[in-house]
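Trainee: Mind looking over this structure? Questions follow.
Quick note: the coordinates plus some simple rules give every number you see, no bench work behind them. Note that the coordinates shown come from a computational prediction; the quantities given were computed from them, not determined experimentally. Here the Cβ is made from the backbone with ideal geometry for all residues, glycine too, and neighbour counts use every protein chain on show.
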């Protein structure tokens, strides 16, 4: 992976990691809960989140939950187990195939609906276990996903706190070496592992390196669509990404309530 072109996308792990760790400690300290709980997929985002949380609270206060489905790749399961072992946490493994197949219309679902169902079933499991283990659910969605709406509402986007939600995917890649994560995690193709051959970038139609450069200019630097295009990015791509940001705004807020009082 090449270094990001934008200075805004470069991060200093020695500066950022202590801030993220203190965030986890501080936010958990505001509750009456003792532990944190994380869904561990074997991907970069959940692995970085788990590493930060263990550094913040210690392995004895973190629960890592692996929730494979029959369509999940064996490589992802192995990566998740490797990360849990590296962090000194005995993972909780809860297969979700039977739970999803219990949905009456499961056999008639297209890939997107089936993926959303899996994401929400995983969150059912995670929140149930959070009650059992007196734990706060810690989220694993990055800023690229939040801005593009690439996630399932009340599924993988659900959480109580999220230490990595203001970090782009390319920034998480910069933190991974400092956290000692395996090369297989740091270099793997991002995927939600919802069907064979599925990748984030294949669905989004753009590599994260390019997407983050565009989003950084549109959101962090406040440039207009035309200014980003003038900087050398493809017009159709910039316009489509900005439209995704606009259309997914509702996913980044609590439900809107009609106020009568």
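Trainee: Which whole-angstrom value gives the distance between the alpha carbon centres of segment 129-148 and segment 165-226?
Mentor: Each part's Cα centre sits 18 Å from the other's.
Trainee: Going by average Cβ neighbours within 10 Å, how do the peptides 217-228, 132-143, 101-112, 76-87 rank, with the highest at the top?
Mentor: The densest-packed peptide leads the list: 132-143, 76-87, 217-228, 101-112.
Trainee: If you don't mind, another one. I'd like to know how segment 1-65 sits against the 2.2 N^0.38 Å rule of thumb: what's its Cα Rg over that expected value?
Mentor: The reported ratio for this selection is 1.28.
Trainee: Something else: Given points 7 Å out from each Cα along the Cα-Cβ axis, report the residue 134 to residue 109 separation in nanometres with one decimal.
Mentor: 3.4
Trainee: Tell me whether segment 77-129 comes out rounded, prolate or oblate; compute the Cα gyration tensor, take square roots of the eigenvalues as a ≥ b ≥ c, and use a/c under 1.5 as the rounded threshold.
Mentor: Taking the square roots of the gyration eigenvalues as a ≥ b ≥ c, segment 77-129 is prolate.
Trainee: On the first, second and third principal axes, largest extent first, how far apart are the outermost C-alpha atoms of segment 7-252 in Å?
Mentor: For segment 7-252, the Cα spread along each principal axis is 53, 48, 33 Å.
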